[in-house]
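A short write-up of the structure that comes next.
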Amino acid sequence: MEFLESATYWHWWVLGVILIVLEVFSPGAFFLWLGISAGVVGFMLFAVPDVGWEIQLLVFALFSVASIVAWRLYLVKNPTKSDQPRLNRRGEQYIDRIFTLSEPMVNGQGKIKVDDSIWKISGADCPAGARVKVVDVDGVVLKVALID
């Protein structure tokens, strides 16, 4: 604890910079908030240099948790918009596409070839050659509707 007792504002600022640089190499915007919190503690020590190490760590911990929780709440209320919202949801990428059945659907289940893979489908019974449209996805099963 001797290091903590001799910590000055620039120690916290260096820690803040290190944490923000770590953020560049890791996903998730987690180290960013820790780095900002370390910077805040550094400014606090710059303004009031006689703060004990216990208070420094307490302020760092509280500000870190508060900033991460506040960011998460902000993201829930303001989700990130994307021009390709289905990018990493492979099954959802097929919604609204139309396919021709090569095999009949029996008992509400069947298979279709989608690009280079075979997908299970569910929907109303249809003969082979019927055209179906993907309307939803349930896990790895595409839900289809018959097109007249």
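The values are calculated or read from the model by the stated rules, or taken from the named source; none is laboratory data. Keep in mind the model is a prediction, meaning the values are calculated, not measured. Neighbour counts are summed over all protein chains in view; Cβ atoms, including those assigned to glycine, are modelled from backbone coordinates with ideal geometry.
What to note about this one:
- Residues being among the aliphatic types (A, V, I, L, M) and either closer than 16 Å to residue 15 by Cα or not assigned by TED's automatic domain parsing to the domain that holds residue 16 (or both) - total across segment 35-70: 10
- Matching residues in segment 31-67 - criterion: being in contact with a helix residue (DSSP H, G or I) (Cβ under 7 Å, 6 or more places away or on another chain) and over 23 Å from residue 21 (Cα atoms): 51, 53
- The listed residue being part of a helix (DSSP H, G or I) and in contact (Cβ under 8 Å) with a residue 12 or more places away in the chain, out of 59, 69, 65, 76: 59
- In segment 113-140, residue surrounded by the fewest Cβ atoms within 10 Å (Cβ to Cβ) [restricted to those that are within 23 Å of residue 84 (Cβ to Cβ) and among the hydrophobic types (A, V, I, L, M, F, W, C)]: 140
- Within the set 79, 85, the sole residue that is at pLDDT below 90 and under 30 Å from residue 16 (Cα atoms) turns out to be 79.
- From the list 35, 39, 110, the one residue that fits, being surrounded by 14 or more Cβ atoms within 10 Å (Cβ to Cβ) and under 30 Å from residue 146 (Cβ atoms), is 110.
- Scanning segment 21-54 for residues that are within 21 Å of residue 72 (Cα to Cα) and in a loop (DSSP other than H, G, I, E, B) returns 25, 26, 27, 28, 29, 30.
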